[in-house]
Each structure stands twice: as structure tokens, then as C-alpha cells.
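Here the structure is laid out as C-alpha cells; the discussion comes afterwards.
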Amino acid sequence: MLRFSVCLCSVLLSAGLASGQRAQVAGDYIEDRSNKVYGCYCEWSGERVTGGKEAILGWHIRSGEHRGVSLAGLKLAAVVIGEATLSAGDAPRKSLVFLDSGAPEAQRQTGERWLRERYGALLGELIGVHAVPIAFTRSGEQASLRISDIVGVEMRKARPLEDALQGAVLWYDPFIPLAESHLGTIVNTRYHGREFAQQWDLNDTGISGYFGSFTAEGR
């Protein structure tokens, strides 16, 4: 009887520990901003007032689940526009969220819920959610995000001595914590949607973002 009780207690303890653990969601991430995250003081001081109000974010979830639904393989993205520089953190902002139309509907719905719960403050007010084809590629020193014909980001690993002005320093960390992080130099960034008052298509080389891998909590 004693031996059975000890075994039962061990099983219950293991179950309790397992139920108390948070599911981990992991994958790749890309972030492009309309200001330099690594630059000289003159760039920082000017852009802090007039720039940095726009950002494009993308996630490619490789593993993990949320509320019992697997998110593995799901791609999500957002276009965020603030009333002031997003790097200030507390600027009011609005966002469009995109979910990969190639994913099952239940997975898309759960992914949207995870995004809202995990990054609601970063996204601000959601003014639209669209299911569209999303391509997210990351290979060696390059990363790219394409959302139908609406959004495109092409980025390569930054070479600070070549890509920044003399005296440049790091001003901003990524919007989200990254397990592995690379400063990114933009090759091209574009937004051709209609929900916001502005559109852009830029090839202005500069260190304006990051790409890497993330690990975050699910439920």
C-alpha cells in the first residue's frame, strides 16, 4: 500500500508540473521600421520627431501551440502605423494583421488570438484582419517577407561599417525579445494597401530593423 501511494503521488506531481508549464511558441521573425535602429546622432534626433511611425512585422511559427491548437507552419504579419514614433513605446497606433490563407481556418483563428494576446500593446488598435498568401523566407544572411501584392520586405544582415554613417550607434532593440538577433539592412520595403492614408516603396539602404528567431509563450 505504501509503495502504491508513493507511485501515485509521483504521477500526480508530474501531472501538476506539466499542467503548470506554459507552451512555447518558436520560429522566425522580421521587423522593418521607417527609422534607423542603428545610426548616427543626427539621424536619431531627426527621425525621433518625424520618422519611425511605420513598421512591418512578420512571424513564421515553426513549433508550438496555443490553447491546444498547433501553430506550427503558420505565417503572420502586421503593418503598424503610429501617431508618433513607435520606438517611444507608448505612442497610439493602429495595425493591419495578415494571416496566411494557406493555413487551416482553425489555425488562422488561433494564431490571430495568440497575436492579440501576446502582442496587443505593440499592435494597438486593429483596423483589419486579412487572410492572404504570405511568404516568409530566411536563408543565411538574408530574410524576406511577401504578403500577396500588398507588402514586401527584403533585408540582409547589416554591415555597420558600410551601411551606417560614421559615429553610428545602436539606438533601439527589437520590438519583441529575440533568441537570436541580427541587425538588418533594408534592400526594399513596400506597402501598397488602402487602409492607411500613405503607401511606400523604398530602396533607401539603412539599418532599419532586425531578423532572427523568437521564443514566446503560448497557452
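The values are calculated or read from the model by the stated rules, or taken from the named source; none is laboratory data. The structure presented is a predicted model; accordingly, all values stated were derived computationally and were not measured. Quick reminder, even Gly has a Cβ in these numbers, built from the backbone with ideal geometry, and neighbours come from all protein chains shown. Heavy atoms of the whole protein, side chains included, go into the accessibility calculation; ligands, DNA and RNA do not. Shrake-Rupley method; radii C 1.70, N 1.55, O 1.52, S 1.80 Å.
Roughly how many nanometres apart are two label points built 7 Å out from the Cα toward the Cβ at Leu202 and Arg62?
Each label point is offset 7 Å from its Cα along the Cβ direction, giving 2.9 nm.
When only Cα pairs under 8 Å and 6 or more residues apart are kept, what is the percent relative contact order across the chain?
So the answer I get is 24 percent.
Tell me the angle of helix 41-50 to the major Cα principal axis of the chain, expressed in degrees between 0 and 90 and rounded to the nearest ten.
80 degrees
Could you check the simple spin-label distance between Ala106 and Val132, using points 7 Å along Cα→Cβ, in nm with one decimal?
2.8 nm
Return the distance in nm (one decimal) between the two label points of a simple spin-label model at Asp173 and His192, each offset 7 Å from Cα along Cα→Cβ.
Inter-label distance under the simple model: 3.7 nm.
Hey, what angle do you get for helix 2-20 against the long axis of the chain, alpha-carbon based, 0 to 90 degrees rounded to 10?
Result, in degrees: 20.
With θ set to phi - 60° and the Karplus curve 6.51 cos²θ - 1.76 cosθ + 1.60, what are the ³J(HN,Hα) couplings of region 27-35 in order, to the nearest whole Hz, using x for Gly and Pro?
Result, ordered by residue: x, 9, 9, 9, 8, 10, 10, 8, 8 Hz.
Identify, among Val69, Val49, Ser95, the residue whose Cα sits farthest towards the positive end of the charge dipole of region 19-111, taking +1 on the Cβ of Lys and Arg and -1 on the Cβ of Asp and Glu, with the dipole about the Cα centre.
Val69
Using a Förster distance of 30 Å, how high is the FRET efficiency between Arg116 and Ala91, based on the Cβ-Cβ distance and rounded to 0.05?
0.95
Quantify, in whole percent, the carbon and sulfur part of the accessible surface of region 32-125 (1.4 Å probe; protein heavy atoms only).
Roughly 48 percent, rounded to a whole number.
Pairs of alpha-carbon atoms within less than 8 angstrom and 6+ residues apart define the contacts here; what relative contact order does region 70-141 have, in percent?
37 percent
Taking the Cβ of Asn203 as the centre, find all other residues whose Cβ is under 12 Å away and add up their charges (Lys, Arg: +1; Asp, Glu: -1).
Residues near Asn203 contribute -2 overall.
I'd like the Karplus ³J(HN,Hα) series for region 150-161: coefficients 6.51, -1.76, 1.60, θ = phi - 60°, whole numbers in Hz, and an x wherever there's a Gly or Pro.
9, 9, x, 9, 10, 9, 10, 4, 5, 10, x, 5
State the volume of the convex hull built on the alpha-carbon positions of the chain, expressed per residue in Å³ and rounded to an integer.
Expressed per residue, the convex hull around the Cα atoms of the chain is 145 Å³.
Between Ala72 and Cys42, what FRET efficiency comes out of the Förster formula 1/(1 + (r/R0)^6) with R0 = 41 Å and r the beta carbon distance, rounded to 0.05?
For R0 = 41 Å, the calculated efficiency reads 0.40.
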